[in-house]
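This is the structure, below, for whatever I ask next.
Here, each number is a calculation from the coordinates, and none is a lab measurement. Predicted, not measured: the structure shown is a model, and the values here were computed from it. Backbone-built Cβ (ideal geometry, glycine too); neighbour counts: all protein chains shown.
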Amino acid sequence: MIDLKEILTNSNYKKETEELINIANLAYKHWEIYWTGFNSTYVCEEILKDFENLNDFKFFVYGGFSASQRSRIACFRGDNIPEEDALKRNFPAQGIKINGNFLFDNATQDDFRSLLIENGVNQIKVGDIWTIGDRGAQGIVDNLDIQHLDEKIFYLRDVKVKINLVSIDELQIPSGRSKKLVNTVEASTRLDAIASAGFRVSRTKIIERIENGMLRLNGSKVNKPTINLKIGDKLELENKGFIEILNLEITKRERWKVKLLRK
């Protein structure tokens, strides 16, 4: 069995790490494959770094398609490793289509995600959600306890939508978000300034999301926009991806040249 306290001590993602430890213990005991809930793919990869030297266990990160931003971790015994194709084929999730006319009332990924959560879907059961022009959205959700949504009518603000559960193969899979270098000049190295520039979100909205616990700095939630950042810091904004600070350089006019990697 895995020593829970030892691994959790230095983890920046204690809740997610604890879940992985629990399913790893189950996988070891029952010789079966167990999956975590959905988390950001970046977080999945980060917490697995603490498990690299555990030869008794093997892991697989997958979210339904190759470039998914939210994934689950499969855990299985190191002496009972399944084929990757079998893991993907038996991935415990399915597709969801949310159809509606949003031509005059635009909606975001966050809006559609909130619709699912408000109607009984736990957040960790929701994978990627992406919009389909002005016709609604599609996404990937856990395949358990969601049948109550199929063929049902809901309202997102004043727009009537119909939800259909489908196979993942029936979805219009979005193209992956490529890594991108972002260069900007800011008055300071404050969290809100750099996050606003890196995620292309207004300063006001960034501050709101910080206050609502939607932004993580090096894995930990922060609630103060005034924190000064340094080279190597990593920011995660819920449903917006990640940025890493590659360089900070003061200019002759005492402003900051900031180089970021967004992914």
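With only alpha-carbon atoms counted, please give the Rg and Dmax of the stretch 37-192, in Å.
In order Rg, Dmax, the Cα atoms of the stretch 37-192 give 18.1, 56 Å.
Give the calculated FRET efficiency between Tyr155 and Asn25 to the nearest 0.05, with a Förster radius of 41 Å applied to their Cβ-Cβ distance.
Numbers: r = 43 Å, r/R0 = 1.04.
Working from the Cβ atoms, E equals 0.45.
Using a cut-off of 13 Å between beta-carbons, work out the net charge of the residues near Ile23 (Lys and Arg +1, Asp and Glu -1, Ile23 not included). Intermediate results must be reported in sequence, preceding the final value.
On the way: positive: Lys29, Lys58, Arg72, Arg77; negative: Glu16, Glu18, Glu19, Glu32.
Counting the neighbours of Ile23, the net charge comes to 0.
Report, in whole Å, the centroid distance computed from the Cα atoms of the stretch 193-214 and the stretch 111-166.
So the separation of the two Cα centres works out to 25 Å.
Loop by DSSP (not H, G, I, E, B), at most 11 other beta-carbon atoms within 10 Å: where is the longest site-free stretch of the chain for GluC sites (Glu not before Pro)?
Values: sites that count: Glu52, Glu83, Glu151, Glu254.
The segment 152-253 is the longest one with no such site.
May I ask you to list the residues of the stretch 175-219 whose amide nitrogen lies under 12 Å from a point 7 Å from Cα along the Cα→beta-carbon direction of Glu84?
So the set is empty, nothing qualifies.
Give me the three principal axis extents of the stretch 93-170 from the C-alpha atoms, as integers in angstrom, largest value leading.
Reported extents, whole Å, longest axis first: 34, 25, 21.
Roughly how compact is the stretch 180-262, stated as its Cα Rg over 2.2 N^0.38 Å to two decimals?
Values: Rg = 11.6 Å, N = 83, 2.2 N^0.38 = 11.8 Å.
For the stretch 180-262, the normalised Cα radius of gyration comes out at 0.98.
Grab the other residues whose beta carbon is less than 10 angstrom from that of Gly139, score K and R as +1, D and E as -1, and report the net. Spell out each step's value before the answer.
Details: positive: Arg70, Lys97, Arg113; negative: Asp128.
The answer is +2.
Sticking with this one: For Asp158, what is the net charge nearby, where nearby means another residue's Cβ is under 13 Å from its Cβ and Lys, Arg count +1, Asp, Glu -1? Display every interim value, and only then the final one.
Numbers: positive: Arg157, Lys160; negative: Asp105, Asp111.
Summing Lys and Arg as +1 and Asp and Glu as -1 gives 0.
Based on the Kirkwood radius over alpha-carbon pairs, what value in µm²/s does the Stokes-Einstein equation return for the translational diffusion coefficient of the stretch 1-101 at 10 °C and 1.306 mPa s? Walk me through the numbers on the way to the answer.
Values: Rh = 14.3 Å.
Answer from the Stokes-Einstein relation: 111 µm²/s.
Using the eigenvalues of the Cα gyration tensor, what equivalent ellipsoid semi-axes result for the stretch 219-263 when each is taken as the square root of five times the eigenvalue, whole Å, largest first? Write down the numbers at each step before the final one.
On the way: eigenvalues 92, 36, 14 Å².
Calculated on Cα positions only, the semi-axes equal 21, 13, 8 Å.
Evaluate the Debye formula for the chain with equal point scatterers sitting on the alpha carbons, no solvent, and hand back log10 of I(q)/I(0) at q = 0.08, 0.12, 0.16 Å⁻¹, in q order, two decimals.
Ignoring solvent entirely, the Cα scatterers give -0.38, -0.83, -1.26.
Based on the Cβ-Cβ distance from Asp56 to Asn101, what FRET efficiency comes out when R0 is 51 Å, to the nearest 0.05? Intermediate results must be reported in sequence, preceding the final value.
Numbers: r = 53 Å, r/R0 = 1.03.
The computed FRET efficiency comes out at 0.45.
If I take every Cα pair under 8 Å that is 6 or more residues apart in the stretch 136-179, average their sequence separation and divide by the length, what percent do I get for the relative contact order? Working shown, then result.
Values: 28 pairs, mean separation 14.6, N = 44.
Relative contact order for the stretch 136-179 comes out at 33 percent.
Now, a different point. Taking a 20 Å limit on the Cα-Cα distance, which of the listed pairs Lys97/Lys205; Lys14/Lys49; Lys88/Lys180; Lys49/Lys257; Lys180/Lys224 fall beyond it? Provide the component values of the computation, followed by the final result.
Values: Lys97/Lys205 28 Å; Lys14/Lys49 13 Å; Lys88/Lys180 28 Å; Lys49/Lys257 31 Å; Lys180/Lys224 26 Å.
Over 20 Å apart, Cα to Cα: Lys97/Lys205; Lys88/Lys180; Lys49/Lys257; Lys180/Lys224.
If you don't mind, there's one more thing I want to ask. Just need the relative contact order of the stretch 119-203 here, percent rounded to a whole number, with Cα pairs under 8 Å and 6+ apart. Display every interim value, and only then the final one.
On the way: 61 pairs, mean separation 13.3, N = 85.
So the answer I get is 16 percent.
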